[in-house]
Each structure stands twice: as structure tokens, then as C-alpha cells.
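Below is one structure, written out as C-alpha cells, with a few remarks after it.
Readers should treat all values here as calculations from the given coordinates under stated rules, not as data from a laboratory. Since this is a predicted model, take the numbers as computed values, not measurements. Cβ atoms come from the backbone with ideal geometry, glycine included; neighbour counts cover every protein chain shown.
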Amino acid sequence: MKKLEALKITGILISVSLFYSCSSASKRALEDFVSGEFKVLVCPVHILNNHQSFYDTISSLKIADYINENKHAKASVTDLVPAAYNTWERNEAKMLTASIDLFVEYVKSLDLPDDTYLFYPEFLKGGQNSEIRAVHYCLLNNEGDIAMRGLINSKWEVFQSVNPITNDDCVTVLINGFENKLKNK
């Protein structure tokens, strides 16, 4: 019992550090991004649902519209799809880190123009009713430097305030979390 509690606490602490810190994120990459002079290619949303994986471009279009409407960058949806991390783990932060590692590796293999960022969103669903468990995202520059990443689940107010049920709800959670990160950068 104590081991399970320790694992939960460790997972929460890792989640908090991932959500609030940019220690591993490139501050320069984020500063460049918020200048609004860059292009962002929004990858199809990876949805991991009860050990099945698929992609959603409709949600990606909504994310690109949000980025454009707020003049964060010139966004468009791309068909570039990095390898997906499809392994469920108890520690959600490990899942996010593994997913980002695959994404960084993928971006480094591309020859993207200097003024280009890639945005990779994930929605995690689980349980008998495919309940929304988490929303993840990662923004990388063309060299694979992390400008921003997010792990948003039921422990966060931006998740709780929406109580996501649909993919549209997940987009709202992602946007709210992204905006909070930009305000607190």
C-alpha cells in the first residue's frame, strides 16, 4: 500500500514539474515562437484509446484556427505524423516523455525551414467508456528543441473546468492550458 502511494506521489510530482517548468524546454525556442513570426505545422491529433491508436485531423484544424486567430503564428495542418507512443503506463509523465522523445527524433530527421515549428497534440482516453484521461502537447522548433510542452489531466483546473467528454472538449482543454503556459512563461 505504501509503495502504491509513493508511486502516485512520485507521478504527481513529475507531472507538476513537467507542467510548470521549462527547464528542459528551450527558452529561446519559446521566445522565438511567441514573436508571432513563425509558421506552425499542426500534426494530426494522436488519440490513444483503450490501447488503440488513431489520428484526428478535425481537432488539428481547430487547434490551427486557434493559433491563427490569436496571431501566435501562421498555423496550418500537416500530414506529417511522428511515430506514436502507444504503451499505457501507470506514470503518465513517462508516457508524455516517451512520446516527446519520439517526436524530437522525428523532427530532427526532417529538413524543415528555419522559421517552422511543429505542434504535436495527444488525447488519452481509457476505461470502459473511453473517458478522457489527459491532454498532452508538444511544440518543437525545426531543430527539435522543445519550446513548450503540456500534460493536463484531472488534477488541473483547466481540465476540471471543462470536464472533457468529446474531442472538442479536449481541444478546449489544450487551448486553455496552452494560454496559461504562454501567460506564465
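Assorted remarks:
- Test: Val107 is surrounded by 15 or more Cβ atoms within 10 Å (Cβ to Cβ) and under 14 Å from the mean Cα position of the chain (by Cα): no
- Criterion (in a strand (DSSP E or B) and either aliphatic (A, V, I, L, M) or in contact with a Leu (Cβ under 6 Å, 6 or more places away or on another chain) (or both)) met by exactly one of Leu30, Leu41, Leu80, Leu61: Leu41
- Close pairs (7 angstrom Cβ cut-off, 6 or more residues apart or separate chains): in contact (Cβ under 8 Å) with a residue 24 or more places away in the chain in region 85-103, of a type in the set (Phe, Trp, Tyr) anywhere: Met95/Tyr85; Ser99/Tyr85; Phe103/Tyr120
- Qualifying residue in region 120-137 (condition: among the hydrophobic types (A, V, I, L, M, F, W, C) and farther than 29 Å from Phe38 by Cα): yes
- The number of residues in region 113-159 that are in contact (Cβ under 8 Å) with a residue 60 or more places away in the chain and either more than 15 Å from Arg28 (Cβ to Cβ) or assigned to a strand (DSSP E or B) (or both) comes to 27.
- Restricting the first member to region 44-60 and to residues that are without any contact (Cβ under 8 Å) to a residue 40 or more places away in the chain, and the second to residues that are among the small types (Gly, Ala, Ser) and surrounded by 14 or more Cβ atoms within 10 Å (Cβ to Cβ), the beta-carbon pairs closer than 6 Å and six or more apart or on different chains are Pro44/Ser60; Ser53/Ala84.
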